[in-house]
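Shown next, in structure tokens, is the structure this report addresses.
The values are calculated or read from the model by the stated rules, or taken from the named source; none is laboratory data. Bear in mind that the values here come from a model prediction, so they are computed numbers and not experimental data. Cβ placement follows ideal geometry from the backbone for every residue including glycine, while neighbour counts extend to all protein chains displayed. Calculation scope for accessible area: heavy atoms of the full protein, side chains included, ligands and nucleic acids excluded. Shrake-Rupley method; radii C 1.70, N 1.55, O 1.52, S 1.80 Å.
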Amino acid sequence: MSEIRLAAETRTEFGKGAARRARRAGFVPGVVYGHGHAPVHLNLPGHDLMMALKTPNALLVVPIEGKDEYVLPKAVQREAIKRTIEHVDLLLVKRGEKVTVEVPVHTEGELAAGGNLLEHVLQALPIEAEATHLPEAVTVSVEGLEAGASVQAKDIVLPAGVSLAVEADAVVLQVIAAQAAPAEEAAEAEATEA
């Protein structure tokens with residue numbers, strides 16, 4: 001995963017009024033914490049931050065006290081209606097440090113014929129990896145799986161240097177049979193209603 005560099009400035013004003021002024025100026029208030037350091041309050045460019053957060057677990061580089069630091073988004077608060085970013089919490093990480101994050105689970109292939117349905121038990125898979133080498137997603141093949149089949153966390157092939165942060169036997173995906181009434185029963189039900 002590539003680094004996304006954001007220009008940021010240290011915040012000196014706090015409270016609702018200061019946050020509103022920052023948002024009107026196109027910034028998003030944020031806080032950086034971790035590694036035993038005192039929290040650092042920043043104003044981040046709103047549009048650049050929104051574009052960066054479209055990538056899951058984006059590794060951001062922000063200037064803190066004159067030095068570029070790596071951070072990961074930990075919590076993002078959005079406005080309820082417009083879904084604009086109101087505030088962001090960032091976790092300070094170091095190169096080579098292992099972090100636990102959740103990555104999206106993508107599927108490829110077709111299920112076996114018969115109207116089966118694929119249920120995502122886990123939308124995102126908890127993994128542990130080096131902060132500067134986080135995968136954007138994991139891909140699972142569901143080619144030919146029949147009703148009753150499931151994919152467990154241990155069945156997913158992970159990139160080198162990545163390990164599971166969930167029980168190995170946790171179900172990630174399962175195939176279920178479609179619960180549709182036969183056509184005759186549906187026709188009888190309509191006839192009795194009429």
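Could you please give the count of residues in region 161-183 that are closer than 15 Å to Thr100 by Cα, among the aliphatic types (A, V, I, L, M) and not in a strand (DSSP E or B)?
3
Need the failing condition index for Glu65 against (1) within 18 Å of Ala22 (Cβ to Cβ); (2) more than 19 Å from the chain's Cα centre (by Cα); (3) open to solvent by 80 Å² or more (accessible area, probe 1.4 Å), just the number.
It fails just one condition, (1).
Could you list all residues from region 139-175 that are open to solvent by less than 30 Å² (accessible area, probe 1.4 Å) and more than 21 Å from Gly114 (Cα to Cα)?
Answer for region 139-175, where residues must be open to solvent by less than 30 Å² (accessible area, probe 1.4 Å) and more than 21 Å from Gly114 (Cα to Cα): Ala153, Ile156, Val162, Ala170, Val172.
Could you please give the count of residues in region 1-25 that are without any contact (Cβ under 8 Å) to a residue 60 or more places away in the chain and assigned to a loop (DSSP other than H, G, I, E, B)?
Total meeting the criteria: 10.
Checking Glu136 against (1) open to solvent by 60 Å² or more (accessible area, probe 1.4 Å); (2) over 20 Å from the mean Cα position of the chain (by Cα); (3) not basic (Lys, Arg), only one condition comes out false. Which one?
It fails just one condition, (2).
Any idea which of Leu125, Leu117 is touching a residue at least 24 places away in the same chain (Cβ under 8 Å) and open to solvent by 40 Å² or more (accessible area, probe 1.4 Å)?
Just a single option satisfies the conditions, and that option is Leu117.
Within region 108-119, identify whether any single residue is modelled with pLDDT under 90 and either farther than 17 Å from Ser150 by Cα or in contact with a helix residue (DSSP H, G or I) (Cβ under 6 Å, 6 or more places away or on another chain) (or both), and answer yes or no.
no
Kindly provide the set of residues from region 85-96 that are free of Cβ contacts under 8 Å to residues at least 60 places away in the same chain and either open to solvent by 60 Å² or more (accessible area, probe 1.4 Å) or closer than 20 Å to Leu6 by Cβ (or both), ordered by number.
Ile85, Asp89, Leu91, Val93, Lys94, Arg95
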